[in-house]
1. With θ set to phi - 60° and the Karplus curve 6.51 cos²θ - 1.76 cosθ + 1.60, what are the ³J(HN,Hα) couplings of region B:119-125 in order, to the nearest whole Hz, using x for Gly and Pro?
2. Along the principal axes of its C-alpha atoms, what lengths does region B:2-133 span, in descending order and rounded to whole Å?
3. Rounding to the nearest 20 debye, state how big the charge dipole of chain B is about its Cα centre with +1 on each Lys and Arg Cβ and -1 on each Asp and Glu Cβ.
4. Students sometimes get this wrong: rank A:Lys147, A:Lys191 by accessible area, probe 1.4 Å, all chains present, largest first.
5. With a 1.4 Å probe and all protein chains kept in place, how do A:Asp118, A:Asp83 rank by accessible area, largest first?
6. With +1 on each Lys and Arg Cβ and -1 on each Asp and Glu Cβ, how big is the dipole of region A:9-116 about its Cα centre, in debye rounded to the nearest 20?
7. Compute the relative contact order of region B:2-133 as a whole-number percentage, counting only Cα pairs closer than 8 Å that sit 6 or more residues apart in sequence.
8. Give the separation of the Cα centroids, region A:89-168 to region B:63-107, in Å.
Amino acid sequence: MSKRTANSAAPLPLAPPPSLWRLFVAFFIMGGTSLGGGVIAYLRTGLVMRYRWLDDEHFVELMAISQSLPGLNATNMSILAGDRLRGWPGALVAGLGMCLPGASLMTAAAFAYGIGGDDPASKAFLRAIAAGAVGLISVVLVQLGAKMLTEFADYIFVALTAGLVAFLHVPVPYAMIGVGALAIWWHRPRKAGPGKAAEAPGKEPAP
Amino acid sequence: MKQFAELAGVFGYLSLLTVGGGMAAFPELKQLTVETYHWVTFPELMHYYSLGQLAPGPNMMMVASIGAQVAGLPGAAVVLVAFILPTGLLTFGIGRLWNRLANWPWRPAVQRGIGSVAVGLVLAGGIVLARGALSGPFYIVLAVLVFLLLIRTKINPAIPIVLSGAIGLGVYFFG
(Lines give C-alpha, C1' and ligand atoms only; values in the text may rest on other atoms or scores of the structure.)
Protein backbone atom coordinates (compact mmCIF):
# COMPACT_ATOMS: atom_id res chain seq x y z
CA MET A 1 0.00 0.00 0.00
CA SER A 2 2.53 2.53 1.21
CA LYS A 3 4.11 4.40 -1.63
CA ARG A 4 7.62 5.73 -1.54
CA THR A 5 6.45 9.30 -1.15
CA ALA A 6 7.62 12.06 1.12
CA ASN A 7 5.50 10.88 4.05
CA SER A 8 8.21 8.55 5.32
CA ALA A 9 10.52 11.48 5.94
CA ALA A 10 10.72 12.96 9.43
CA PRO A 11 7.43 11.82 11.01
CA LEU A 12 5.60 14.66 12.68
CA PRO A 13 4.40 14.01 16.22
CA LEU A 14 0.78 12.91 16.46
CA ALA A 15 -1.83 15.47 17.44
CA PRO A 16 -3.68 14.90 20.74
CA PRO A 17 -6.97 12.97 20.42
CA PRO A 18 -9.82 15.32 19.45
CA SER A 19 -13.03 15.98 21.36
CA LEU A 20 -16.01 13.78 20.47
CA TRP A 21 -17.68 16.66 18.66
CA ARG A 22 -14.59 17.37 16.55
CA LEU A 23 -14.29 13.67 15.83
CA PHE A 24 -17.89 13.53 14.64
CA VAL A 25 -17.49 16.62 12.47
CA ALA A 26 -14.27 15.30 10.91
CA PHE A 27 -15.85 11.95 10.01
CA PHE A 28 -19.04 13.64 8.83
CA ILE A 29 -16.97 15.79 6.46
CA MET A 30 -14.96 12.80 5.21
CA GLY A 31 -18.19 10.80 4.82
CA GLY A 32 -19.76 13.66 2.89
CA THR A 33 -16.89 14.46 0.55
CA SER A 34 -15.60 10.98 -0.38
CA LEU A 35 -17.41 10.75 -3.70
CA GLY A 36 -17.33 7.67 -5.86
CA GLY A 37 -16.04 5.00 -3.49
CA GLY A 38 -12.44 4.61 -2.44
CA VAL A 39 -13.28 6.12 0.94
CA ILE A 40 -10.11 4.59 2.40
CA ALA A 41 -8.00 7.08 0.42
CA TYR A 42 -10.00 9.99 1.84
CA LEU A 43 -9.69 8.55 5.34
CA ARG A 44 -5.94 8.32 5.05
CA THR A 45 -5.67 11.89 3.78
CA GLY A 46 -7.78 13.08 6.69
CA LEU A 47 -6.61 10.93 9.62
CA VAL A 48 -2.93 10.58 8.80
CA MET A 49 -2.05 13.66 6.77
CA ARG A 50 -4.37 16.48 7.77
CA TYR A 51 -5.36 15.83 11.40
CA ARG A 52 -2.34 13.63 12.32
CA TRP A 53 -4.50 11.53 14.67
CA LEU A 54 -2.99 8.23 13.43
CA ASP A 55 0.35 7.33 11.90
CA ASP A 56 0.62 5.25 8.74
CA GLU A 57 1.56 2.12 10.62
CA HIS A 58 -1.60 2.22 12.73
CA PHE A 59 -3.67 3.13 9.73
CA VAL A 60 -2.52 0.09 7.72
CA GLU A 61 -3.05 -2.16 10.74
CA LEU A 62 -6.65 -0.94 11.16
CA MET A 63 -7.22 -1.30 7.43
CA ALA A 64 -6.16 -4.95 7.51
CA ILE A 65 -8.66 -5.67 10.29
CA SER A 66 -11.42 -3.80 8.45
CA GLN A 67 -10.91 -5.75 5.26
CA SER A 68 -10.83 -9.21 6.78
CA LEU A 69 -14.06 -8.70 8.73
CA PRO A 70 -17.60 -8.46 7.40
CA GLY A 71 -18.94 -4.94 7.21
CA LEU A 72 -18.18 -2.05 4.90
CA ASN A 73 -14.50 -1.20 4.92
CA ALA A 74 -15.01 2.51 5.43
CA THR A 75 -17.49 1.99 8.28
CA ASN A 76 -15.22 -0.56 9.97
CA MET A 77 -12.24 1.78 9.61
CA SER A 78 -14.18 4.65 11.18
CA ILE A 79 -15.25 2.48 14.11
CA LEU A 80 -11.71 1.26 14.75
CA ALA A 81 -10.14 4.70 14.40
CA GLY A 82 -12.82 6.24 16.61
CA ASP A 83 -12.18 3.58 19.26
CA ARG A 84 -8.43 4.25 19.16
CA LEU A 85 -8.97 7.95 19.62
CA ARG A 86 -11.87 8.22 22.06
CA GLY A 87 -12.92 4.72 23.17
CA TRP A 88 -16.43 3.40 22.43
CA PRO A 89 -18.13 6.81 22.25
CA GLY A 90 -15.52 7.72 19.65
CA ALA A 91 -16.28 4.56 17.68
CA LEU A 92 -19.98 5.43 17.76
CA VAL A 93 -19.69 9.04 16.57
CA ALA A 94 -17.07 8.20 13.93
CA GLY A 95 -19.20 5.42 12.45
CA LEU A 96 -22.30 7.62 12.48
CA GLY A 97 -20.48 10.57 10.94
CA MET A 98 -19.12 8.39 8.15
CA CYS A 99 -22.49 6.85 7.22
CA LEU A 100 -24.95 9.72 7.72
CA PRO A 101 -24.28 11.85 4.62
CA GLY A 102 -24.43 8.97 2.13
CA ALA A 103 -27.37 7.33 3.88
CA SER A 104 -29.42 10.54 3.86
CA LEU A 105 -28.65 11.14 0.21
CA MET A 106 -29.59 7.61 -0.81
CA THR A 107 -32.83 7.82 1.18
CA ALA A 108 -33.64 11.04 -0.65
CA ALA A 109 -32.69 9.34 -3.92
CA ALA A 110 -35.34 6.67 -3.33
CA PHE A 111 -38.04 9.34 -3.07
CA ALA A 112 -36.73 11.19 -6.13
CA TYR A 113 -36.66 7.86 -7.99
CA GLY A 114 -40.31 7.29 -7.07
CA ILE A 115 -41.14 10.56 -8.81
CA GLY A 116 -38.82 10.36 -11.81
CA GLY A 117 -37.86 6.70 -12.09
CA ASP A 118 -40.24 5.89 -14.93
CA ASP A 119 -39.21 8.84 -17.05
CA PRO A 120 -37.45 7.41 -20.14
CA ALA A 121 -34.67 10.01 -19.98
CA SER A 122 -33.81 9.17 -16.38
CA LYS A 123 -33.98 5.47 -17.31
CA ALA A 124 -31.44 6.09 -20.08
CA PHE A 125 -29.23 7.92 -17.58
CA LEU A 126 -29.47 5.19 -14.94
CA ARG A 127 -28.88 2.32 -17.36
CA ALA A 128 -25.74 4.01 -18.62
CA ILE A 129 -24.37 4.61 -15.12
CA ALA A 130 -25.08 0.96 -14.28
CA ALA A 131 -22.79 0.03 -17.17
CA GLY A 132 -20.22 2.49 -15.82
CA ALA A 133 -20.52 0.86 -12.41
CA VAL A 134 -19.55 -2.48 -13.97
CA GLY A 135 -16.37 -0.81 -15.23
CA LEU A 136 -15.71 0.59 -11.77
CA ILE A 137 -16.23 -2.72 -9.97
CA SER A 138 -13.84 -4.39 -12.45
CA VAL A 139 -11.15 -1.88 -11.51
CA VAL A 140 -11.74 -2.49 -7.79
CA LEU A 141 -11.48 -6.21 -8.49
CA VAL A 142 -8.15 -5.91 -10.30
CA GLN A 143 -6.69 -3.70 -7.56
CA LEU A 144 -7.99 -5.89 -4.75
CA GLY A 145 -6.72 -8.99 -6.54
CA ALA A 146 -3.27 -7.52 -7.07
CA LYS A 147 -3.04 -6.84 -3.34
CA MET A 148 -4.54 -10.03 -1.93
CA LEU A 149 -3.66 -12.84 -4.35
CA THR A 150 -0.08 -14.00 -4.02
CA GLU A 151 0.06 -17.46 -5.54
CA PHE A 152 -1.67 -19.57 -8.16
CA ALA A 153 -3.83 -21.41 -5.64
CA ASP A 154 -5.36 -18.09 -4.55
CA TYR A 155 -6.73 -17.59 -8.07
CA ILE A 156 -8.29 -21.06 -7.92
CA PHE A 157 -10.06 -20.11 -4.68
CA VAL A 158 -11.31 -16.90 -6.28
CA ALA A 159 -12.61 -18.72 -9.36
CA LEU A 160 -14.17 -21.43 -7.22
CA THR A 161 -16.00 -18.91 -5.00
CA ALA A 162 -17.22 -16.84 -7.94
CA GLY A 163 -18.25 -19.89 -9.96
CA LEU A 164 -20.20 -21.44 -7.12
CA VAL A 165 -22.06 -18.20 -6.36
CA ALA A 166 -22.59 -16.62 -9.76
CA PHE A 167 -23.14 -19.71 -11.92
CA LEU A 168 -24.20 -22.58 -9.67
CA HIS A 169 -26.22 -20.27 -7.37
CA VAL A 170 -24.80 -21.80 -4.22
CA PRO A 171 -25.88 -19.61 -1.25
CA VAL A 172 -23.06 -17.26 -0.28
CA PRO A 173 -22.59 -18.51 3.31
CA TYR A 174 -21.99 -22.10 2.10
CA ALA A 175 -19.53 -20.96 -0.55
CA MET A 176 -17.82 -18.71 1.97
CA ILE A 177 -17.44 -21.40 4.62
CA GLY A 178 -16.57 -24.19 2.17
CA VAL A 179 -13.98 -22.41 0.05
CA GLY A 180 -12.83 -20.37 3.07
CA ALA A 181 -12.02 -23.50 5.08
CA LEU A 182 -10.18 -24.98 2.10
CA ALA A 183 -8.16 -21.79 1.55
CA ILE A 184 -7.30 -21.40 5.23
CA TRP A 185 -6.20 -25.03 5.36
CA TRP A 186 -4.06 -24.49 2.26
CA HIS A 187 -2.28 -21.57 3.95
CA ARG A 188 -2.11 -23.35 7.31
CA PRO A 189 0.88 -22.65 9.51
CA ARG A 190 3.59 -25.23 8.89
CA LYS A 191 6.42 -26.26 11.12
CA ALA A 192 9.40 -24.03 10.40
CA GLY A 193 10.91 -25.73 7.37
CA PRO A 194 12.84 -23.90 4.68
CA GLY A 195 10.09 -21.44 5.56
CA LYS A 196 7.86 -20.69 2.62
CA ALA A 197 4.38 -20.70 4.07
CA ALA A 198 5.36 -20.00 7.66
CA GLU A 199 6.06 -16.33 7.11
CA ALA A 200 3.60 -13.48 6.81
CA PRO A 201 1.99 -12.92 3.38
CA GLY A 202 4.09 -10.88 0.96
CA LYS A 203 3.59 -7.25 1.82
CA GLU A 204 6.33 -5.78 -0.36
CA PRO A 205 5.26 -2.62 -2.13
CA ALA A 206 4.75 -2.93 -5.86
CA PRO A 207 7.78 -1.81 -7.88
CA MET B 1 -44.61 -4.66 11.64
CA LYS B 2 -43.85 -7.96 9.94
CA GLN B 3 -42.31 -6.04 7.09
CA PHE B 4 -39.89 -4.22 9.40
CA ALA B 5 -38.86 -7.52 10.94
CA GLU B 6 -38.24 -8.94 7.47
CA LEU B 7 -36.23 -5.90 6.42
CA ALA B 8 -34.14 -6.11 9.60
CA GLY B 9 -33.58 -9.85 9.17
CA VAL B 10 -32.58 -9.66 5.52
CA PHE B 11 -30.21 -6.72 5.87
CA GLY B 12 -28.70 -7.99 9.10
CA TYR B 13 -27.95 -11.24 7.31
CA LEU B 14 -26.60 -9.45 4.22
CA SER B 15 -24.25 -7.36 6.33
CA LEU B 16 -22.48 -10.53 7.45
CA LEU B 17 -21.64 -11.37 3.84
CA THR B 18 -19.85 -8.11 3.09
CA VAL B 19 -16.33 -9.46 3.60
CA GLY B 20 -13.90 -7.44 1.52
CA GLY B 21 -16.51 -4.92 0.41
CA GLY B 22 -20.21 -4.37 -0.13
CA MET B 23 -20.14 -5.92 -3.60
CA ALA B 24 -19.58 -9.35 -2.04
CA ALA B 25 -23.18 -9.28 -0.82
CA PHE B 26 -24.63 -8.31 -4.20
CA PRO B 27 -25.64 -11.80 -5.46
CA GLU B 28 -27.52 -12.52 -2.24
CA LEU B 29 -28.90 -8.96 -2.14
CA LYS B 30 -30.43 -9.53 -5.57
CA GLN B 31 -31.73 -12.97 -4.64
CA LEU B 32 -33.49 -11.75 -1.49
CA THR B 33 -34.75 -8.28 -2.41
CA VAL B 34 -35.77 -9.08 -5.99
CA GLU B 35 -36.70 -12.74 -6.12
CA THR B 36 -37.69 -13.70 -2.58
CA TYR B 37 -39.39 -10.58 -1.23
CA HIS B 38 -40.12 -8.55 -4.41
CA TRP B 39 -39.20 -5.29 -2.67
CA VAL B 40 -37.57 -3.93 -5.83
CA THR B 41 -37.17 -5.06 -9.43
CA PHE B 42 -33.74 -6.00 -10.73
CA PRO B 43 -33.43 -2.81 -12.84
CA GLU B 44 -34.40 -0.73 -9.79
CA LEU B 45 -31.77 -2.50 -7.71
CA MET B 46 -29.12 -1.83 -10.34
CA HIS B 47 -30.16 1.81 -10.58
CA TYR B 48 -29.87 2.25 -6.83
CA TYR B 49 -26.54 0.47 -6.79
CA SER B 50 -25.24 2.75 -9.52
CA LEU B 51 -26.54 5.86 -7.80
CA GLY B 52 -24.80 4.61 -4.67
CA GLN B 53 -21.52 4.86 -6.58
CA LEU B 54 -22.17 8.58 -6.95
CA ALA B 55 -23.10 9.21 -3.34
CA PRO B 56 -20.37 10.05 -0.84
CA GLY B 57 -19.35 7.67 1.93
CA PRO B 58 -19.51 3.87 1.91
CA ASN B 59 -21.03 2.85 -1.44
CA MET B 60 -23.49 0.38 0.05
CA MET B 61 -25.47 3.19 1.69
CA MET B 62 -27.79 2.43 -1.24
CA VAL B 63 -29.47 -0.13 1.02
CA ALA B 64 -31.21 2.90 2.56
CA SER B 65 -32.93 3.45 -0.81
CA ILE B 66 -34.44 -0.03 -0.74
CA GLY B 67 -35.66 0.48 2.82
CA ALA B 68 -37.16 3.84 1.87
CA GLN B 69 -38.90 2.40 -1.19
CA VAL B 70 -40.43 -0.41 0.86
CA ALA B 71 -41.47 1.49 4.00
CA GLY B 72 -40.51 5.17 3.79
CA LEU B 73 -38.22 6.83 6.30
CA PRO B 74 -38.73 4.22 9.05
CA GLY B 75 -37.88 1.55 6.48
CA ALA B 76 -34.63 3.30 5.61
CA ALA B 77 -33.75 3.63 9.31
CA VAL B 78 -34.47 -0.05 10.07
CA VAL B 79 -32.40 -1.20 7.10
CA LEU B 80 -29.45 1.02 8.01
CA VAL B 81 -29.36 -0.08 11.64
CA ALA B 82 -29.68 -3.76 10.65
CA PHE B 83 -27.00 -3.41 8.01
CA ILE B 84 -24.46 -1.48 10.10
CA LEU B 85 -24.93 -2.39 13.75
CA PRO B 86 -24.12 -6.13 13.91
CA THR B 87 -20.91 -5.92 11.88
CA GLY B 88 -20.05 -2.65 13.60
CA LEU B 89 -20.17 -4.35 16.99
CA LEU B 90 -18.20 -7.29 15.65
CA THR B 91 -15.49 -5.01 14.27
CA PHE B 92 -15.39 -3.10 17.53
CA GLY B 93 -14.90 -6.31 19.50
CA ILE B 94 -12.33 -7.84 17.16
CA GLY B 95 -10.46 -4.53 17.03
CA ARG B 96 -9.99 -4.77 20.77
CA LEU B 97 -8.93 -8.44 20.54
CA TRP B 98 -6.48 -7.74 17.75
CA ASN B 99 -3.39 -7.33 19.89
CA ARG B 100 -3.98 -10.67 21.51
CA LEU B 101 -4.44 -12.32 18.12
CA ALA B 102 -1.24 -10.81 16.76
CA ASN B 103 0.90 -13.86 17.59
CA TRP B 104 -1.70 -16.48 16.77
CA PRO B 105 0.03 -18.81 14.25
CA TRP B 106 -3.14 -19.29 12.21
CA ARG B 107 -3.73 -15.58 11.73
CA PRO B 108 -1.85 -15.19 8.41
CA ALA B 109 -3.60 -18.31 7.11
CA VAL B 110 -7.01 -16.95 8.05
CA GLN B 111 -6.21 -13.56 6.57
CA ARG B 112 -5.04 -15.01 3.25
CA GLY B 113 -7.82 -17.57 3.05
CA ILE B 114 -10.50 -14.96 3.68
CA GLY B 115 -8.74 -12.62 1.24
CA SER B 116 -9.16 -15.03 -1.69
CA VAL B 117 -12.78 -15.76 -0.84
CA ALA B 118 -13.48 -12.03 -0.53
CA VAL B 119 -12.08 -11.35 -3.99
CA GLY B 120 -14.12 -14.27 -5.34
CA LEU B 121 -17.30 -12.83 -3.83
CA VAL B 122 -16.63 -9.41 -5.32
CA LEU B 123 -16.11 -11.12 -8.69
CA ALA B 124 -19.41 -12.98 -8.30
CA GLY B 125 -21.13 -9.68 -7.49
CA GLY B 126 -19.58 -8.09 -10.56
CA ILE B 127 -20.81 -10.97 -12.75
CA VAL B 128 -24.36 -10.67 -11.42
CA LEU B 129 -24.33 -6.90 -11.93
CA ALA B 130 -22.83 -7.20 -15.42
CA ARG B 131 -25.49 -9.71 -16.51
CA GLY B 132 -28.16 -7.15 -15.76
CA ALA B 133 -26.36 -4.00 -16.80
CA LEU B 134 -24.52 -4.96 -19.99
CA SER B 135 -27.59 -5.53 -22.14
CA GLY B 136 -26.04 -4.51 -25.47
CA PRO B 137 -22.84 -3.49 -27.26
CA PHE B 138 -23.32 0.17 -26.26
CA TYR B 139 -23.28 -0.68 -22.55
CA ILE B 140 -20.33 -3.04 -22.92
CA VAL B 141 -18.32 -0.29 -24.62
CA LEU B 142 -19.22 2.13 -21.81
CA ALA B 143 -18.11 -0.34 -19.14
CA VAL B 144 -14.82 -1.01 -20.94
CA LEU B 145 -14.15 2.71 -21.35
CA VAL B 146 -14.77 3.38 -17.65
CA PHE B 147 -12.53 0.45 -16.76
CA LEU B 148 -9.66 1.66 -18.95
CA LEU B 149 -9.97 5.25 -17.74
CA LEU B 150 -9.96 4.28 -14.07
CA ILE B 151 -7.18 1.72 -14.28
CA ARG B 152 -4.87 4.17 -16.06
CA THR B 153 -5.57 7.40 -14.24
CA LYS B 154 -6.14 8.46 -10.66
CA ILE B 155 -9.26 10.53 -11.29
CA ASN B 156 -12.20 10.43 -8.92
CA PRO B 157 -14.36 7.42 -9.91
CA ALA B 158 -17.49 9.56 -9.72
CA ILE B 159 -16.36 11.47 -12.82
CA PRO B 160 -16.46 8.62 -15.38
CA ILE B 161 -19.68 7.34 -13.79
CA VAL B 162 -21.39 10.70 -14.24
CA LEU B 163 -19.93 10.90 -17.76
CA SER B 164 -21.46 7.51 -18.66
CA GLY B 165 -24.80 8.81 -17.48
CA ALA B 166 -24.35 11.92 -19.60
CA ILE B 167 -23.44 9.80 -22.64
CA GLY B 168 -26.54 7.66 -22.02
CA LEU B 169 -28.68 10.80 -21.93
CA GLY B 170 -26.98 12.17 -25.05
CA VAL B 171 -27.67 8.97 -26.98
CA TYR B 172 -31.28 9.01 -25.77
CA PHE B 173 -31.90 12.57 -26.95
CA PHE B 174 -29.76 12.68 -30.09
CA GLY B 175 -29.08 9.06 -31.00
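The values are calculated or read from the model by the stated rules, or taken from the named source; none is laboratory data. This is a predicted model, so every value here is computed, not measured. Every residue, glycine as well, gets a Cβ built from its backbone with ideal geometry; the counts of neighbours run over all protein chains shown. The area values use the complete protein model at the heavy-atom level, side chains included, leaving out ligands, DNA and RNA. Shrake-Rupley method; radii C 1.70, N 1.55, O 1.52, S 1.80 Å.
1. 5, x, 5, 5, 4, 4, x
2. Rounded to whole Å, the extents work out to 47, 31, 28 Å.
3. So the dipole magnitude of chain B works out to roughly 600 debye.
4. A:Lys191, A:Lys147
5. I get A:Asp118, A:Asp83, largest accessible area first.
6. 260
7. 37
8. 17
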